[in-house]
Amino acid sequence: MNAIQADHLIKRFGSVTAVNDVSLAVREGEIFGFLGPNGAGKTTTMRLLTGVLTPDSGAVHINGIDIHRHPLDAKMQMGVIPESSTVYGDLSAEQNLQLSGQMYGMSRALREERIAELLSRMGLSEKRRLPVRTFSKGMKQRVSIACAIIHRPHVLLLDEPTSGLDVQSRRLVIETIRDMNEQGSTIFLTTHNIEEANTLCQTVCIINKGKIVAQDSPERLKKMFDTTQSVEVSFDRAVTRDLFAAEAILRAEPCGDKWRLYTDNPDRVLKYIVGRAAQESIGITSLTTSGPSLEEAFVQITECA
Amino acid sequence: MMEIPLALRGIVVITKKNMRLYYTKPPVLMFGLLFPLFMFFAFFVGRKLDLTTFFPAFLAMMLFFTASSVGPLITPWEKREKTYERLLSYPVTQDSIILGDLTAGAIFGIGISLLVWTVSLFLVPVAVTNTGLFALAFILGTLSCAALGVLLASPATDSPPNVMIFSNLIRFPLIFISGIFVPLAQMQGLGLTLAYCSPLTYLVDLFNAAMSGASVFSPIVDCGVLIGVSAVFIFAARVIQMRNLVKGL
């Protein structure tokens with residue numbers, strides 16, 4: 001049984017079809033990335049999956065429960081982090097968590113235990129009694145995440161959870177997602193951040209203009225759309241493009257204090273660069289190779305669609 | 001079957017959340033508490049009016065303003081603060097949210113009005129001739145006024161000031177056509193026709209029946225109208241809020 005199963009979802013707003021026959025399946029225990037450009041239909045799909053919106057047609061099952069026929073039972077299985085840091089600014093972090101725990105029907109003792117654990121994990125123990133409106137964006141997002149996971153949901157859905165966060169908060173959010181996944185939660189993550197999807201997700205789904213245009217593992221998607229790899233090299237002095245006039249180098253681009261060389265044969269390029277640098281008495285200060293990027297695949301997929 | 005206890009729990013938790021968050025918001029205090037008191041002072045004090053005669057109308061006005069002042073604020077406020085989407089993603093339904101908002105408005109209305117009633121017992125020589133009817137007037141009055149409050153919150157907006165202006169635009173004219181300042185028995189022509197259209201008229205009449213025994217309509221008619229308008233307001237709020245759900249999220 002899939003943790004999330006969406007079949008032929010359609011949602012229209014007036015004459016605009018925001019979600020057009022979207023079907024997807026998220027396996028239990030998986031981290032599933034949902035990517036797409038602005039206005040592609042990510043948030044609308046997320047709202048259909050969480051039961052906030054009702055589809056014009058199609059069905060969503062969470063752990064086998066139809067969310068539109070049995071919304072409350074299905075929502076009990078889920079934790080949701082909407083796009084904005086949606087917590088009550090007039091309540092303290094502790095009160096927000098109490099409210100969340102009450103919504104999920106947790107007993108007082110269990111709530112107290114879990115709140116103490118989450119506040120400590122999110123680094124908010126000392127500020128537990130301050131109104132959330134006095135918090136930074138990153139701290140509010142941490143409270144928001146704590147509210148969503150207080151009942152240890154089987155399925156966690158996050159809409160752009162790291163958008164606009166500082167590095168520390170972003171790391172904490174990503175660690176929390178990984179921890180939840182390791183404890184058995186299935187994660188559905190919408191994001192703009194392709195690198196984040198690449199490092200976190202086992203499956204990536206790309207939506208464009210309301211339609212799913214690709215769904216696979218990040219590595220397979222990269223290979224499907226781009227076989228070109230690159231070599232990044234920097235030297236101890238400035239060099240010109242002429243240095244890279246070799247058959248194996250398809251394209252050379254300056255990239256800060258480095259050069260990025262695109263090739264389908266990195267081995268030959270590495271040998272060429274080392275030999276040529278020795279010949280010209282130029283010192284190599286760094287040399288790295290990288291595979292095809294998910295970003296490149298994403299751009300190609302969304303441009304083709 | 002499991003969904004019924006979950007839905008009831010949702011209503012209770014939402015009601016408690018609303019009571020904690022919205023009872024002390026300035027628009028609620030202003031339009032729900034201070035305004036009816038100012039109206040009372042403006043119209044009744046120093047005018048040699050028989051307070052015993054006008055007290056049922058004043059009580060109805062108090063109940064009307066207090067019970068209908070919380071509802072209009074909640075949904076726009078939550079949409080502005082972006083907490084509405086999270087609320088919808090909890091194990092609650094739109095109906096639980098509407099009923100939670102309605103209950104919070106009703107408790108505010110009944111609490112403040114009972115307080116005013118208790119204090120008034122020491123200041124104004126008023127009597128209740130039918131206690132059961134008086135309690136029924138309180139319950140049905142607070143239900144219908146809170147339902148009106150929830151209905152007034154239904155327009156798709158994330159701006160609480162706009163909704164408060166809109167709700168006052170609806171509420172203020174009602175107090176002038178519902179037998180509060182001019183007894184229903186003295187009204188005629190267009191004024192009387194308008195009074196028949198206002199649900200507040202039937203609440204004033206029911207309080208008159210309970211306190212002085214002198215009412216224009218039968219208490220059964222008053223109760224029937226108040227129950228009917230409550231049902232219509234709740235149903236209309238549900239339909240409009242469902243239609244406007246995504247706006248302002």
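Read the figures in this text as sums done on the coordinates, not as results from a lab. Remember, it's a predicted structure, so these values are computed and weren't measured experimentally. As a convention, Cβ positions derive from the backbone with ideal geometry for all residues, glycine included, and neighbour counts pool all protein chains shown.
By the Cα gyration tensor, the stretch A:224-304 has an equivalent ellipsoid whose semi-axes, rounded to whole angstrom, run 26, 13, 10 from largest to smallest.
A Förster radius of 51 Å combined with the Cβ-Cβ distance from B:Val12 to A:Ser217 puts the calculated FRET efficiency at roughly 0.70. Candidates B:Met62, B:Tyr23, B:Leu114 compared by Cα position along the dipole of the stretch B:15-120: farthest toward the positive end lies B:Tyr23, with charges placed on Cβ.
Annotation for A:Arg178 and A:Phe13: the two label points, set 7 Å from Cα along the Cα-Cβ direction, are 3.6 nm apart. Neighbour counting of Cβ atoms within 10 Å sorts the residues B:Val124, A:Val155, B:Val70, B:Val119, fewest neighbours leading, into B:Val119, B:Val124, A:Val155, B:Val70.
Derived scalar couplings between HN and Hα for the stretch B:166-175 equal 4, 5, 6, 4, 7, 6, 4, x, 4, 6 Hz in order, rounded to whole Hz, by the Karplus curve 6.51 cos²θ - 1.76 cosθ + 1.60 (θ = phi - 60°), x for Gly and Pro. Here the Gaussian network model covers chain A, with springs between Cα atoms less than 10 Å apart; of A:Ser92, A:Ser144, A:Ser15, A:Ser15 fluctuates the most. Rg and Dmax of the protein assembly as shown, based on Cα coordinates, read 31.2, 113 Å.
Normalised by the number of residues in the stretch A:4-222, the average gap of Cα pairs under 8 Å and 6 or more apart makes the relative contact order 30 percent.
Sites listed here are chymotrypsin sites (Phe, Trp or Tyr not before Pro) in the stretch B:70-140 whose DSSP assignment is loop and whose Cβ has at most 15 other Cβ atoms within 10 Å, and the list is empty. Per-residue ellipticity at 222 nm, computed for chain B from helices alone with -39500 (n - 2.57) per DSSP H run of at least four residues, works out to -24500 deg cm²/dmol.
Only one residue of A:Gly291, A:Val274, A:Cys255 has its Cα farthest out toward the positive end of the dipole of the stretch A:224-304, where Lys and Arg carry +1 and Asp and Glu -1 on Cβ, and that residue is A:Val274.
Exposed loop sites here are GluC sites (Glu not before Pro) in DSSP loop states with at most 14 other C-beta atoms within 10 Å. What is the longest stretch of chain A lacking them? Could the numbers behind the result be given before it?
Details: sites that count: A:Glu28, A:Glu247.
Longest gap between qualifying sites, sites excluded: A:29-246.
Only Cα pairs under 8 Å and 6+ residues apart enter the sum, and on that basis the relative contact order of chain B stands at 27 percent.
For chain B, the longest principal axis of the C-alpha atoms and the axis of helix B:131-152 are separated by about 50°.
When the C-alpha to C-alpha distance is required to be over 18 Å, the pairs from A:Lys42/A:Lys209; B:Lys79/B:Lys247; A:Lys222/A:Lys271; A:Lys137/B:Lys82; A:Lys11/B:Lys82 that qualify are A:Lys222/A:Lys271; A:Lys11/B:Lys82.
Across the stretch A:1-97, the relative contact order, built from alpha-carbon pairs under 8 Å that are at least six residues apart, equals 28 percent.
Computed over the Cα atoms of the stretch A:127-209, what is the ratio Rg over Rh, Rh following Kirkwood?
Numbers: Rg = 13.4 Å, Rh = 13.7 Å.
When Rh is taken as the Kirkwood radius, the ratio is 0.98.
A simple spin-label model places the labels of B:Ile220 and B:Ala185 2.3 nm from each other, with each point 7 Å out along Cα-to-Cβ. For chain B, the spread of Cα positions along the three principal axes, ordered from largest to smallest, is 54, 38, 38 Å. Over the residues of chain A, the helix contribution to mean residue ellipticity at 222 nm works out to -11000 deg cm²/dmol, using -39500 (n - 2.57) for each DSSP H run of at least 4.
Along its three principal directions, the equivalent ellipsoid of the stretch B:97-215 from the Cα gyration tensor extends over semi-axes of 26, 20, 12 Å, largest first. Amide H contacts of A:Phe188 (H built 1.01 Å from N, in plane; Pro and chain starts excluded): A:Phe32, A:Leu156, A:Leu157, A:Leu158 sit under 5 Å, all sequence-distant by 5 or more or on other chains. Think of chain A as having a plus end and a minus end, set by charges on the Cβ of Lys, Arg, Asp and Glu; of A:Ser230, A:Cys205, A:Thr240, A:Cys205 sits farthest toward the positive end of this dipole.
Nearest 20 debye, what's the magnitude of the dipole of the protein assembly as shown about its Cα centre given +1 on Lys and Arg Cβ and -1 on Asp and Glu Cβ?
Details: 50 positive and 47 negative charges, 245 e Å.
Rounded to the nearest 20 debye, it is 1180 debye.
Close amide-amide hydrogen proximity is noted between A:Glu28 and A:Ala3, each under 5 Å apart and 5 or more residues distant or on a separate chain (H modeled in the peptide plane; Pro and chain starts excluded).
List the trypsin sites (Lys or Arg not before Pro) within the stretch B:191-249 that fall in a DSSP loop (any state other than H, G, I, E or B) and whose Cβ has at most 13 other Cβ atoms within 10 Å. Here the trypsin sites (Lys or Arg not before Pro) that fit, given the DSSP loop and packing criteria, are B:Lys247.
Between the amide H of A:Asn208 and those of A:Val213, distances stay under 5 Å, these residues lying 5 or more places away or on another chain, with hydrogens modeled in the peptide plane.
Considering just Cα atoms, how many Å³ per residue does the convex hull of the stretch A:4-222 enclose?
Numbers: hull volume 25.8 nm³, N = 219.
Spread over its residues, the Cα hull of the stretch A:4-222 gives 118 Å³ apiece.
If I build a Gaussian network model for chain B, linking alpha-carbon pairs within less than 10 angstrom, which residue out of B:Ala127, B:Ala237, B:Ala209 has the largest mean-square fluctuation? Sorting by GNM fluctuation, first place goes to B:Ala127.
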